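The structure under discussion appears below in the form of structure tokens.
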């Protein structure tokens with residue numbers, strides 16, 4: 001399938017499961033345009049503050065994905081010629097052996113250290129660029145099998161914080177839980193030996209982000225530790241990953257629920273709740289102005305950031321000057337006062353958008369600090 | 001109500017039209033497109049607090065730190081490989 005047509009969709013494996021969870025289509029995130037990156041400067045923007053934009057040869061691919069064993073297997077088994085470059089990049093990671101365990105391909109320690117301690121490097125540092133990024137096309141080499149973080153991350157959401165709440169605060173959590181549980185289930189199904197299992201579950205494979213050994217800095221692998229983690233599958237890593245994929249591929253959502261724990265069921269319920277919000281146009285009865293950061297202001301327009309620094313909005317001064325009318329009274333009364341005193345009418349669609357982006361919030365909103 | 005008056009009132013209610021007698025045009029309501037999502041983000045030099053633009057949430061990072069605190073781990077323990085920092089803490093998929 002063409003990447004464009006599934007841009008906002010989930011990878012096929014996840015899509016089948018989530019269709020059962022939600023029972024309906026997920027609205028398209030049309031503002032996050034991977035092929036014409038909305039985080040990159042266009043035209044006159046290239047003369048503006050570059051700290052506001054991503055590097056076009058990196059985009060949001062300054063993140064090394066954690067690929068759980070069954071996803072690695074799906075990539076290795078994908079014989080589509082168009083997937084060759086991505087397949088090779090995964091084979092290279094396996095060959096290097098850095099953070100490669102029966103659970104899958106983890107974060108290399110050097111990446112973890114830099115990622116956790118860098119500032120304003122996301123979308124800008126070429127050293128953080130994903131190994132599966134295809135330089136010639138600017139696309140993802142493992143798109144059809146991308147993991148939970150990459151599958152649910154959008155720089156901008158059509159419905160602002162409502163979209164963020166669905167994708168990042170709900171569906172992402174659900175898919176991470178599923179990935180973790182299924183990867184561990186596969187270890188049991190493939191009879192990894194006890195010593196390797198003990199070491200994996202004790203967390204010996206996890207990278208450090210706050211300390212790092214000289215060996216890890218140089219991306220050298222301690223072959224003894226590596227061998228203990230792989231146990232009876234040592235030397236057959238690729239075969240192991242493909243077997244994991246064969247186990248997971250035929251699972252329906254009900255199969256997944258029978259394998260995974262209560263955390264998955266809990267996140268599934270919360271994801272359904274967030275989906276209801278995402279597909280609802282309801283406006284709260286009473287509203288007040290929310291918290292926002294002023295990015296810049298001109299005579300006509302104010303740029304403010306609310307739920308995400310990646311997704312600010314430009315607001316006409318007339319609308320900004322009307323925000324104080326929303327003081328906890330019924331929204332209809334606020335709108336009537338704005339019309340009477342300022343001579344402007346705000347359409348319900350605009351009020352809905354102001355709610356989506358946190359410019360207006362219900363009076364009982366806790367006023368939690370902005371991210 | 002004369003049909004012409006009905007049409008006029010309907011048009012006014014729908015968003016405004018110049019009145020035949022030349023009186024001021026009723027303003028059209030501002031719709032959702034009045035608010036624009038520009039390309040790019042808010043630069044770190046702008047007053048956007050301490051947000052670190054990562055794919056993961058700082059909330060989860062804070063939670064993961066709290067988890068260590070509850071366990072009372074020492075610095076020595078923290079260098080062991082269950083120290084979740086980003087990417088959703090221990091559930092992040094750190095393998």
>> Being within 11 Å of chain B (Cβ to nearest Cβ) and surrounded by 18 or more Cβ atoms within 10 Å (Cβ to Cβ) is the filter here; which residues of region A:276-292 pass it?
In response: A:292
> Which one is surrounded by the most Cβ atoms within 10 Å (Cβ to Cβ) among residues in region A:299-315 that are under 23 Å from residue A:163 (Cα atoms) and in contact with a strand residue (DSSP E or B) (Cβ under 7 Å, 6 or more places away or on another chain)?
Replying inline: A:312
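So that you can scan it fast, the table gives a plain yes or no per residue for (1) in a strand (DSSP E or B); (2) under 25 Å from residue A:41 (Cα atoms); (3) modelled with pLDDT under 95; (4) facing chain B (nearest Cβ under 8 Å):
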site: A:295; (1), (2), (3), (4): yes, yes, yes, yes
site: A:302; (1), (2), (3), (4): yes, yes, no, no
site: A:311; (1), (2), (3), (4): no, yes, no, yes
site: A:350; (1), (2), (3), (4): no, no, no, yes
site: A:353; (1), (2), (3), (4): no, yes, no, yes
site: A:371; (1), (2), (3), (4): no, yes, yes, yes
>> Take residue A:191 and tell me if it is buried (at least 21 other Cβ atoms within 10 Å of the Cβ), away from every other protein chain (no Cβ under 11 Å) and over 14 Å from the mean Cα position of the chain (by Cα).
In response: no
>> One residue is enough: does region A:339-348 have a residue meeting the conditions facing another protein chain (nearest Cβ under 7 Å), in contact with a helix residue (DSSP H, G or I) (Cβ under 9 Å, 6 or more places away or on another chain), part of a loop (DSSP other than H, G, I, E, B) and closer than 30 Å to residue A:124 by Cβ?
In response: no
> Since residue A:25 meets every condition but one in (1) part of a loop (DSSP other than H, G, I, E, B); (2) more than 18 Å from residue A:131 (Cβ to Cβ); (3) within 17 Å of the chain's Cα centre (by Cα), which condition does it not meet?
Replying inline: (3)
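The values are calculated or read from the model by the stated rules, or taken from the named source; none is laboratory data. This one's a predicted model, so the numbers in the text were calculated from it and none came from an experiment. Quick reminder, even Gly has a Cβ in these numbers, built from the backbone with ideal geometry, and neighbours come from all protein chains shown.
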